[in-house]
Amino acid sequence: MTGPSTRAVHAGGPPAEEGGPVVNPIVPSTTFYSDPSSGGEVLYTRYVNGPNHLALAEKLASLEGGDDAIPVASGMAAMACALLSCVRAGDHVLATDAIYGGTRVLLEDELSRLGIATTFVDLTEPAWERAFRPETRVVLGESPSNPLLRVLDLRAISDAAHRRDAVVIVDATFASPINLRPLEHGVDLVMHSATKYLGGHSDVTAGVLVGSDARIAAVRERARVWGPLLDPHACWLLERGLKTLALRMERHNANGMAIARWAEAEPGIARVHYPGLATHPDHDLAARVLDGFGGMLGMELEGGGEAATRFMRALRLAKAAPSLGGVETLVSEPRHTSHVSLTPEERASHGIRDGFVRLSLGIEDPEDLIADFAQALQAAGVSTAVSA
Ligand SMILES: Cc1ncc(COP(=O)(O)O)c(C=O)c1O
């Protein structure tokens, strides 16, 4: 098999034909000539089976090592379709406590109304298995997690779930298939907010799922009727973004490590959360299961929330904005974004104290990012190695 960079460029590309295009064309047609009476599949954009969907699915399946894939309108749409393809009224979901806020709301407020119960557990602790119920159908993980970058032992989790006939779904948005391929660790369905690293340029909203033919067929059935198709134009943009995924991840990984090492030595930064550092609680596991430690990093500033706000305002190169995974560096405070619905005490119990800043490191030159962070620390009155 060819390497990931080669597959990112070529998988799902157009056939090499005399006079043919080198790049897949955008096909906006909503319907296609077909003859179902002779066994042909009905091709219709809402059925997520147009040419741009299929080309994109082939590239995604190839990158994740799955049989098939499906692109949909957002990460949330992907998660909703994944869950709906596995559960029905009366079923139970075991979900990681360290879950994206939108997914938590989906489970707590939406699926609960359909008669599907959820228990949140700490999937980094073996005791989570005690929460299994006879009706548990899904174990839902997120790895690495937001914003502490906790890494899950997906093999152990999958084995435990499969012993009880539960399906394992993992949101691997923070890793991308370049750094982690959950299917290789026994996971049944991998999900991404493709709005992040897969698109990579903060200009397309999409979600994807990859798994076996049977799992994706079940998701496709849900997607056909709930209707969250990805428009062919957005498919094409995502396909284009994916071509540089491996290259971009290389720089995201390098910047992650460089900024983590710099931050670790800064006196005004009380703690750095990065799985590539030996101080991270999951460092050994991360070194085994990840092919790169990624471009996401958390740091706790001395001086709490006020220092963090001053730091954010003083940034010149990095942008204060939620979301992640783009070529540009974005900085956010989880207390104002992903964890805004929790009280300060609840956040602290999740390990997110005021003063916590989340960095999504882009592909800029690391020395420019370090210079920007250093000047912002100084401007925020946080002690720095330079001023000390
Ligand atoms: C880890 C994770 N999962 C899922 C989502 C939801 O994705 P989307 O915004 O594309 O619906 C996000 C968005 O921030 C995310 O960070």
Phi-derived 3J(HN,Hα) across region 71-78 with the Karplus relation (6.51, -1.76, 1.60, θ = phi - 60°), rounded Hz, x for Gly and Pro, is x, 10, 6, 6, x, 5, 4, 5
From the phi angles alone, apply the Karplus equation (6.51, -1.76, 1.60; θ = phi - 60°) to region 264-274 and give each ³J(HN,Hα) in whole Hz, x where the residue is Gly or Pro. 4, 8, 8, x, x, 9, 5, 7, 10, 10, 8
By how many nm would the segment from Tyr33 to Leu342 grow when fully extended, if each residue of separation counts as 0.36 nm and the alpha-carbon distance is taken off? 106.1 nm
Sort 191-198, 232-239, 362-369 by packing, meaning the average of other beta carbons within 10 Å per residue, with the highest value first. 191-198, 232-239, 362-369
Prolate/oblate/rounded label for the chain (Cα gyration tensor, a/c 1.5): oblate
Be a star and scan region 255-283 for residues whose amide nitrogen sits under 12 Å from the point 7 Å along the Cα-to-Cβ vector of Ser349. none
Region 246-379, relative contact order in percent, only Cα pairs under 8 angstrom and at least six apart counted: 29 percent
Would you mind getting me the FRET efficiency between Ser383 and Ala320? Use the beta-carbon distance for r and R0 = 25 Å, nearest 0.05. 0.70
For region 309-317, in residue order, the Karplus 3J(HN,Hα) values (coefficients 6.51, -1.76, 1.60; θ = phi - 60°; whole Hz; Gly and Pro = x) are 5, 5, 4, 4, 5, 8, 5, 10, 9
Quick calc: nm separation of the 7 Å Cα→Cβ label points for Ala16 and Gln375 -> 4.9 nm
Report the label-to-label distance for Glu306 and Ala278 in nanometres (one decimal), using points 7 Å from each Cα along the Cα→Cβ vector. 3.7 nm
Sequence gap at least 6, Cα distance under 8 Å: using those rules, report the relative contact order of region 79-188 to the nearest whole percent. 26 percent
Protection-proxy order for peptides 15-25, 212-222, each taking the mean of Cβ atoms within 10 Å per residue, highest first: 212-222, 15-25
Environment charge of Asp122, counting only residues whose C-beta is closer than 15 Å and scoring Lys/Arg +1, Asp/Glu -1: -4
Once the Cβ-Cβ distance between Ala131 and Arg288 is put in as r, and R0 is 30 Å, what FRET efficiency do you end up with, to the nearest 0.05? 0.70
Cβ-Cβ FRET estimate between Arg313 and Ala214, R0 fixed at 56 Å, reported to 0.05: 0.65
Mind checking which lysines have their Cα closer than 16 Å to the Cα of Lys319? Skip sequence neighbours fewer than 8 apart in that chain. Lys196
Per residue solvent-accessible surface (Å²) - region 4-243, probe of 1.4 Å: 41 Å²
Normalising by the residue count of region 33-123, find the relative contact order in percent from Cα pairs under 8 Å and 6+ residues apart. 20 percent
Probe radius 1.4 Å, ligands and nucleic acids ignored: give me the carbon and sulfur share of the accessible area of the chain as a rounded percent. 53 percent
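The values are calculated or read from the model by the stated rules, or taken from the named source; none is laboratory data. From a predicted model like this one, the values you see are computed outputs, not experimental measurements. Cβ sites come from the backbone with ideal geometry, for glycine too, and all protein chains shown count toward neighbours. The accessibility values were calculated without ligands, DNA or RNA, using every heavy atom of the protein model including side chains. Shrake-Rupley method; radii C 1.70, N 1.55, O 1.52, S 1.80 Å.
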